[in-house]
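First up is the structure itself, then whatever we jot down about it.
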Amino acid sequence: MVTDPLRIGLIGAGAIGAWHARIVAERRDAVLAAVCDSDAGRASVLAARYGAKPFVDAADLFADVALDGVIIASPERVHGEHARLAAAAGVPMLIEKPVAPDPVGVEAIRAVTEGSGVAVMAGHVERFEIGSAGLKAAVEQGVCGGVVTIAARRQFVAADTPRFKGLSTTLRILGVHDFDLVAWVHPVPVIEVYAAAGRGRVFAETGLDDHVVTTLRFADGAVGLVESAWTLPRPYGVFTSPEGWSPAGNNRLDVFGSTGMVSNDMGLRGQQLVAFDETEGFRAAGIRHQPILHGKVTGALAEEVAAFIAMIADRTPPLVGLADALRAVRLTEAAEASLATGLPVRLD
């Protein structure tokens, strides 16, 4: 039976929103119906690219366009308002990470969406990355025995940090990925969080910490280490060719246990796709989250959108829900509190 494509709206036409727009537009079972951004020009350009209707105000979007789902990729400080509007309109939503700046914000979104019966999926893209999922499955199968240490590193070029000045933090942008990831792989309560920051050029220019190291102590005695950094050299991730390449990071996830280890290495020396020439020098392609294959976006972000579309079409629970988002945001908040005081933060 042939059904009409789902009509999907997008709120937030920035870098990640543009990827979401393209992924939706490339699907056969969905169409990008509307794009909203506080920057009218940016909304119009992205909407025109995919035949969608542009909006500056999200309330106008929901009043004017009948949607089957909406992707909220606006800044986290306005996620709550956009979720409230979507819930009032009865529209299922995918909310980019972090779902809210703090636990109170996540709880408010949960209250308004549960009250209206609207499904919500949290946009934690690492859950849809093959290496992350494979590592979790191996740990669950007991490959490394009991977990002793879990260590996550996420390191990028600082080229995009100026756009976050005064709006977000290194831990909300980078750390929240790995707080969710380590808690997903090792779902044991965290009882203590301690964070320390290395501050250099990025901090001086934007107020974002250059490099944050966070330690987590789990209730079963295991420890976690999360590194969140903007310390790769600029030429590593700023380039104009080859066309279609996205910058890569220096990322990895290791689990060390009582009888073995499991590792997902996405590090500098393990890049699968690199280029080097006399004009632009070295650059590495990020092929995990949104690589281009035969002209279309594939990878973890496309799988995330596919899961969102399936949630709407099949009326199934979200693969990543607000409880997951709340846990990640709570750990982020605790790490930021530790940064502010220089002391460990105990969790209930």
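Below are the figures for this structure:
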item: Spin-label zone in segment 240-263 - amide nitrogen under 20 Å from a point set 7 Å from the Cα of residue 26 along the C-beta vector; result: 240-249
item: Neighbour-count ranking [beta-carbon atoms within 10 angstrom, fewest first] of 228, 338; result: 338, 228
item: Helix-only CD estimate at 222 nm, as mean residue ellipticity for the chain, using -39500 (n - 2.57) per DSSP H run (n ≥ 4); result: -10500 deg cm²/dmol
item: Extreme residue, positive dipole direction of segment 96-185, given options 146, 135, 166 (C-beta unit charges); result: 166
item: Cα gyration tensor, segment 162-280 - rounded (a/c under 1.5), prolate or oblate; result: oblate
item: Mean Cβ neighbour count within 10 Å, used as a protection proxy, ranking 236-246, 16-26, 188-198, 168-178 highest first; result: 168-178, 16-26, 188-198, 236-246
item: Debye equation applied to the C-alpha atoms of the chain, log10 I(q)/I(0) at 0.06, 0.10, 0.12 Å⁻¹; result: -0.21, -0.61, -0.90
item: Calculated from backbone phi, Karplus (6.51, -1.76, 1.60) coupling profile of segment 214-230 in Hz, x at Gly/Pro; result: 10, 9, 10, 10, 8, 5, 8, x, 5, 10, x, 9, 10, 9, 10, 8, 10
item: At R0 = 45 Å, FRET efficiency that the Cβ-Cβ distance of residue 220 and residue 48 yields, to 0.05; result: 0.25
item: Cβ-derived FRET efficiency at R0 30 Å, residue 231 paired with residue 263, nearest 0.05; result: 0.90
item: Counting DSSP beta bridges with both ends in the chain, the antiparallel % (nearest 5); result: 55
item: Computed E for residue 116/residue 293 - FRET, C-beta separation, R0 51 angstrom, nearest 0.05; result: 0.85
item: Burial order of peptide ranges 266-274, 329-337 (average beta-carbon count within 10 Å, highest first); result: 329-337, 266-274
item: Table column - 3J(HN,Hα) (Hz), segment 302-318, Karplus curve with 6.51, -1.76, 1.60, x for Gly and Pro; result: 5, 5, 4, 5, 4, 5, 5, 4, 5, 4, 6, 5, 9, 6, 9, x, x
item: J(HN,Hα) series, segment 338-343, from Karplus relation 6.51 cos²θ - 1.76 cosθ + 1.60, nearest Hz, glycine and proline x; result: 5, 4, 5, 9, x, 10
item: Size-normalised alpha-carbon gyration radius of segment 6-118, reference 2.2 N^0.38 Å; result: 0.98
item: Contour excess over end-to-end distance, with Cα ends at residue 167 and residue 275 and 0.36 nm allotted per residue; result: 35.5 nm
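Bear in mind these aren't lab numbers, they're just calculated from the coordinates by the rules spelled out. In this text, all values refer to a predicted model and were calculated from it rather than measured experimentally. FYI the Cβ positions are ideal-geometry reconstructions off the backbone, even for glycines, and counts take in every protein chain you see.
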